[in-house]
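Bear in mind that the values in this text are calculations on the coordinates, not laboratory data. No experiment lies behind these values; they were computed from the predicted model shown. Cβ: placed from backbone, ideal geometry, glycine included. Neighbour counts: every protein chain shown.
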Amino acid sequence: MNPTDIARVQTYLRRLLGTERIRLIKPARPGLSVEVAVEDEVVGTLHRDEDEGEVSYSLHLSILEEDLPPAPKAAAEAPARAPAARRR
């Protein structure tokens with residue numbers, strides 16, 4: 001993607017998500033994915049696609065298990081349901 005594409009998509013994402021903390025990072029070499037960061041943490045990649053003259057952009061977010069909050073204890077400790085009794 002060229003710098004103009006990157007700037008336009010960054011402006012759109014900031015407006016859509018309501019934060020200036022989103023930053024698109026130009027790849028070191030042409031052809032690589034643009035990185036999407038929130039402040040200093042890279043959270044995904046952005047790809048440009050052109051098909052029959054129509055351009056679209058795909059955002060891929062990567063969420064690591066270690067970054068998620070702990071699972072609620074009630075769900076983790078719920079006993080398994082006993083199978084229904086058979087009728088004769």
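Taking the condition touching a residue at least 12 places away in the same chain (Cβ under 8 Å), at negative phi and exposed (fewer than 11 other Cβ atoms within 10 Å of the Cβ), does residue 30 pass? Considered against the rule, which asks whether it is touching a residue at least 12 places away in the same chain (Cβ under 8 Å), at negative phi and exposed (fewer than 11 other Cβ atoms within 10 Å of the Cβ), residue 30 comes out as no. Taking residues in the stretch 35-59 that are in contact (Cβ under 8 Å) with a residue 40 or more places away in the chain and surrounded by 11 or more Cβ atoms within 10 Å (Cβ to Cβ), and partners anywhere that are part of a loop (DSSP other than H, G, I, E, B) and of a type outside the set (Val, Ile, Thr), the pairs with Cβ atoms closer than 6 Å and at least 6 places apart or on different chains are 48/1.
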